[in-house]
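Have a look at the structure below before the remarks.
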Amino acid sequence: MTAPPQAAPPVTTVSQELFARARRVTPGGVNSPVRAFKSVGGTPRFIASASGAFLTDADGHRLLDYIGSWGPMILGHDHAGVRQALVEAAQSGTSFGAPGWREVALAETVTRLTGAQKVRFVSSGTEATMSALRLARGYTGRKYILKFRGNYHGHADGLLVEAGSGLMTDAAALGHLGGAAPSSAGVPAEYAALTLVSEYNDPAALDALLAARGHEIAAVIFEPVVGNAGVLIPTPEFLAALHRSRKRGALLIADEVMTGFRLALGGATELLGLTPDLSCWGKIIGGGLPVGAYGGRAEVMDYVSPQGPVYQAGTLSGNPLAMAAGLATLHALEADPGLYGRLENYTARLAQGLLAAAAEAGVVVCVNRVGSMLTVFFQAGPVASYQDAAHSDTAAFAAWFQGLLARGVYWAPSQFESIFVSAAHGETELEATLSVARAAFLELRGAR
Ligand code: PLP
């Protein structure tokens, strides 16, 4: 099989200039690490605008977007209903520092869809998980938390222990994967010591840790479907073991920042039949504006100030613009009962097409997918844990990523992330993606 001609390198002069300016005034030139393309090389594209399933970069290239702002844009970019809600909200003032009707309406919608009894809005997923853990500690009077290797729950100190997402990407670039835990400088060992770590999808290890330390653990926090080590799918046995942690008095916290409203209207909780004590949300709940939330049983949530003794506050929490975008997004999702089926169908066919294209080119990959979340791991698989994911050929992934980007498909710039399909991705986009993916696989094969 002969390799196709290499895609001509696109002209990225404006992105390069912006990146050079950005690096002078911002660490690494970006405001969130994975955006810097560190593990795939090259210049990150600076984005000028977005519409439907497409981004337009600063040099005028139209890119078929599979990041969707890392999850929030499930309806596609610049959705008419969300835009209209934002314009209306902006005409009534942009921040009050006092309660407003949209916070009530969004809380009513979220509780109705998720089964949580009470919810508190914050401004990011990080704030949501950080606050939920403080609440769990306040409620139980215990100080330890338990998390899973390769799960990412935002960047609060106690959660930057054996974390996925950008930390896993950086660790791979530095050659640390599979060795010492990737973690962040600036997290005191005393904080990290309060975080116990177990293996995802290893019910025996979890049971053993719970038997030994369960009485000291305030909360077990987990990604119900992992997106931050690439997509990892929980086994029924692992989910059963998670539920057993409640028998030890630990609160079960489902981090649905990525999966909430994406895998189903009721998130992974609905899809997998989970019964968490608390859940955390972000991304889709704000429809592309900065919103996070945590919620759950009323008896637990009533420990939050001003009702209870656990302090948590926010100047811009419940911001009217953010609430408006969240409300419009959730209402649009509710109003389209066929939407999750269409996302499932598109992404399942994408997975099959990618596997077929890789096989045709003789490139070994394994695809993990749940609903509209998908990762192509450059290895034979199966990939069920952080350790498994770490065996991927990150150099091959980087070359394939560049092959896609050169041909106008904007994939997540790391082996250890999920891509996200939106309602704006249709038949034309699917065909275009598979033809580009095929060319990129063949090019990769030809380069070896
Ligand atoms: N939890 C999960 C599962 C996430 O995927 C993320 C971010 O990607 C977070 C928490 C942190 O959210 P944010 O980036 O909004 O702080």
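The values are calculated or read from the model by the stated rules, or taken from the named source; none is laboratory data. Just so we're clear, the structure is a prediction, and the values are computed from it rather than from any experiment. Backbone-built Cβ (ideal geometry, glycine too); neighbour counts: all protein chains shown. The area values use the complete protein model at the heavy-atom level, side chains included, leaving out ligands, DNA and RNA. Shrake-Rupley method; radii C 1.70, N 1.55, O 1.52, S 1.80 Å.
For residue 259, what residues show an amide H to amide H distance below 5 Å, using hydrogens built from the backbone and excluding near sequence neighbours?
Residues meeting the amide H criterion: none.
Return, for the Cα atoms of segment 80-335, the radius of gyration and Dmax in Å, separated by a comma.
18.1, 57
Once ligands and nucleic acids are excluded and a 1.4 Å probe is used, how much of residue 196 is accessible, expressed in Å² to the nearest 10?
Its heavy atoms expose roughly 20 Å² to the probe.
In nm, to one decimal, how far is the modelled label at residue 8 from the one at residue 316, with both set 7 Å along Cα→Cβ?
4.2 nm
So if we plug the beta-carbon distance of residue 248 and residue 193 into 1/(1 + (r/R0)^6) with R0 = 30 Å, what FRET efficiency do we get, rounded to 0.05? Working shown, then result.
Details: r = 20 Å, r/R0 = 0.65.
E between residue 248 and residue 193, to the nearest 0.05, is 0.95.
At 1.4 Å probe size, put 78, 57 in order of accessible surface, largest to smallest. Working shown, then result.
Details: 78 80, 57 5 Å².
Highest to lowest solvent-accessible surface, that is 78, 57.
Under 12 Å from a point 7 Å along the Cα-to-Cβ line of residue 349: which residues of segment 407-448 have their amide N that close?
425-434
If you average 1/r across every pair of different Cα atoms in segment 270-415 and take the reciprocal, what Kirkwood value do you get, in Å?
18.9 Å
Could you tally the net charge around residue 336, taking each other residue with its Cβ under 15 Å from the Cβ of residue 336, Lys/Arg +1 and Asp/Glu -1?
Local charge sum for residue 336: 0.
Looking at the chain only, what percent of DSSP beta bridges run antiparallel? Nearest 5 please.
60 percent
Taking 0.36 nm per intervening residue step and subtracting the Cα-Cα distance, what contour gain separates residue 432 from residue 204 on full extension?
77.7 nm
Rounded to the nearest 500, what is the 222 nm mean residue ellipticity of the chain from helices alone, with -39500 (n - 2.57) per DSSP H run of 4+ residues and division by all residues?
Result for the chain, helices only: -12000 deg cm²/dmol.
With θ set to phi - 60°, apply the Karplus curve 6.51 cos²θ - 1.76 cosθ + 1.60 along segment 251-259 and write out the HN-Hα couplings as whole Hz, x wherever there is a Gly or Pro.
Whole-Hz 3J(HN,Hα) from phi for segment 251-259: 7, 9, 10, 7, 7, 9, 4, 8, 8.
Quote the accessible area belonging to residue 311 in square angstrom, nearest 10, computed with a 1.4 Å probe and with ligands, DNA and RNA left uncounted.
150 Å²
Tell me which residues come under 5 Å, amide H to amide H, from residue 229 once H is placed; ignore anything under 5 positions away on its chain.
For residue 229, whose amide H was placed from the backbone, the distant partners under 5 Å are 165.
Using θ = phi - 60° and the Karplus form 6.51 cos²θ - 1.76 cosθ + 1.60, what ³J(HN,Hα) does each residue of segment 387-392 get, whole Hz, x for Gly and Pro?
4, 4, 4, 5, 7, 5
With a 1.4 Å probe and all protein chains kept in place, how do 38, 143, 118 rank by accessible area, largest first? Intermediate values should be presented prior to the final figure.
Numbers: 38 145, 143 115, 118 80 Å².
So the residues, ranked largest to smallest area, are 38, 143, 118.
Give the Debye-formula value of log10 I(q)/I(0) at each listed q (0.14 Å⁻¹), with one equal scatterer per alpha carbon of segment 1-116, two decimals each.
Listed by q, the Debye log ratios stand at -0.86.
Determine the sum of side-chain charges near residue 47: Lys and Arg each +1, Asp and Glu each -1, restricted to other residues whose C-beta is under 14 angstrom from that of residue 47. The partial results should precede the final answer.
On the way: positive: 35, 45, 62; negative: 57, 59, 65, 78.
Cβ neighbours under 14 Å give a net charge of -1.
With every protein chain left in place, what is the accessible area per residue of the chain in square angstrom, probe 1.4 Å? Intermediate values should be presented prior to the final figure.
Working: 17940 Å² over 448 residues.
Result: 40 Å² per residue.
At a probe size of 1.4 Å, how large is the accessible area of residue 137, to the nearest 10 Å²?
Counting only protein heavy atoms, residue 137 exposes about 70 Å² to solvent.
Accessible area, 1.4 Å probe, largest first: how do 190, 103, 427 sort?
Details: 190 130, 103 50, 427 105 Å².
Accessible-area ranking of 190, 103, 427, largest first: 190, 427, 103.
Just grab the label-to-label distance for residue 275 and residue 90, each label 7 Å out from Cα along the Cβ direction, in nm (one decimal).
Those two pseudo-labels are separated by 4.6 nm.
Collect residues whose amide H, placed 1.01 Å from N in the peptide plane, falls under 5 Å from the amide H of residue 420; neighbours closer than 5 in sequence don't count.
67
In the neighborhood of residue 268, defined by Cβ-to-Cβ distances under 12 Å, what is the net charge if each Lys or Arg adds +1 and each Asp or Glu adds -1?
Numbers: positive: 262; negative: 223, 255, 256, 270.
Taking every other residue near residue 268 into account, the sum is -3.
Which residue, 92, 372, 435, has the most motion in a Gaussian network model of the chain that connects Cα atoms within less than 10 Å?
Its mean-square fluctuation being the largest, the pick is 92.
Give me the Kirkwood hydrodynamic radius of the chain, using the inverse of the mean 1/r over all pairs of distinct Cα atoms, in Å to one decimal.
22.4 Å
For segment 262-312 and segment 388-448, what is the separation of their C-alpha centers, rounded to whole Å?
33 Å
Once phi is turned into ³J(HN,Hα) by the Karplus curve 6.51 cos²θ - 1.76 cosθ + 1.60 with θ = phi - 60°, what whole-Hz value does each residue of segment 438-447 show in order, with x for glycine and proline?
For segment 438-447, the Karplus curve yields 4, 4, 5, 5, 5, 5, 4, 4, x, 6 Hz.
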